[in-house]
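The values are calculated or read from the model by the stated rules, or taken from the named source; none is laboratory data. Fair warning: this is a prediction, and the values are worked out from it, not measured in the lab. Neighbour counts run over all protein chains shown; Cβ positions are idealised from the backbone, glycine included. Accessible surface is based on the protein model in full, side chains and every heavy atom, while ligands, DNA and RNA are left aside. Shrake-Rupley method; radii C 1.70, N 1.55, O 1.52, S 1.80 Å.
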Amino acid sequence: MATITENLQAVRSRISQACSAAQRPADAVTLLAVSKTFPAEAVRQAHAAGQRAFGENYVQEAVDKITALADLRSTLQWHLIGPLQSNKTRVVAEQFDWVQSVDRLKIAERLSEQRPAHLPPLQVLVQVNCSGEDSKSGVPPDQALALCEAVAALPRLSLRGIMALPAPTPDPDAQRRALATVCELFHNLRGRGLSLDTLSMGMSGDLEAAIVEGSTMVRVGTALFGHR
Ligand SMILES: *Cc1c(COP(=O)(O)O)cnc(C)c1O
């Protein structure tokens, strides 16, 4: 079985090949290692191989890992990528560096109020539902501008961009269209004067397609840590 270090090298080279195929600079895309369901020890191994940004879906599981890896805290960046309920916002505001799954104003307002003053602003992405009724989370694209503008105005948050999780489809053209729609939305939002630098889209199975369409951050779990 390949080790996490070998998997990281393989994923990094997939990213750099996709960047060069798309004629984008090699550093145009950040790798977020999705460590959900894997133990703190797996994160420690990836960190030893140079990985810094990690994504988690479940708040309690993440907090347990953040605690277990407290000795590495200053060199780790924790991203929440799973759905967030309002009763969990305080611990998220206190423990995470990024939240990629903001899809309503109430959650953003709570995160801003609850972000401790001694920490830098919480880095935020608005999650967009680009697959219609197929997926439950995310703001519909036609409401993304209003939500982004409201989030950008909150004092303890820094709005960085949008995140999309297209519903899985076996049809490569449909997949490509969903990714292209998100990218178009990202550019429209920037055209409206929002200063956004992060388009989080692409996972183990579609990172090349996402990079061609303009992703700046891919969220990779299975290809790094194995099947869940
Ligand atoms: C689990 C998850 C991923 C990683 O998916 P893989 O197919 O394992 O790479 C990425 N993004 C989100 C939001 C996830 O929940």
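Quick one: what pairs do we get from segment 101-116, first residue within 12 Å of Ser158 (Cβ to Cβ), second of a type in the set (D, E, K, R), C-beta under 7 Å, 6+ apart or different chains?
Every condition considered, the pairs that remain are Ser112/Arg156; Arg115/Arg156.
Count, please, the residues in segment 98-122 that happen to be within 16 Å of the ligand (Cβ to nearest atom) and either in contact with an Asp or Glu (Cβ under 6 Å, 6 or more places away or on another chain) or hydroxyl-bearing (Ser, Thr, Tyr) (or both).
1
Contact list please: Cβ distance under 9 Å, first residue in segment 36-47 and on the phi > 0 side of the Ramachandran plot, second residue away from the ligand (no atom under 16 Å from the Cβ) and modelled with pLDDT of 95 or more, pairs at least six apart or on different chains.
Listed by first residue and then by second, the contacts come to nothing, as the list is empty.
I need the full set of residues from segment 155-168 which are within 16 Å of the ligand (Cβ to nearest atom) and surrounded by fewer than 15 Cβ atoms within 10 Å (Cβ to Cβ), in order please.
Ala167, Pro168 - these are the residues of segment 155-168 that are within 16 Å of the ligand (Cβ to nearest atom) and surrounded by fewer than 15 Cβ atoms within 10 Å (Cβ to Cβ).
Just for segment 17-36: of the residues that are surrounded by 15 or more Cβ atoms within 10 Å (Cβ to Cβ) and not hydrophobic (A, V, I, L, M, F, W, C), which one is farthest from Glu208 (Cα to Cα)?
Lys36
For (1) open to solvent by less than 20 Å² (accessible area, probe 1.4 Å); (2) modelled with pLDDT under 95; (3) acidic (Asp, Glu), each residue gets a yes or a no:
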site	(1), (2), (3)
Trp78	yes, no, no
Thr89	yes, no, no
Val102	yes, no, no
Leu111	yes, no, no
Leu119	no, no, no
Asp134	no, yes, yes
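For Asn188, which of the numbered conditions (1) open to solvent by 10 Å² or more (accessible area, probe 1.4 Å); (2) part of a loop (DSSP other than H, G, I, E, B) fails to hold?
Unmet for Asn188, out of (1) open to solvent by 10 Å² or more (accessible area, probe 1.4 Å); (2) part of a loop (DSSP other than H, G, I, E, B): (2).
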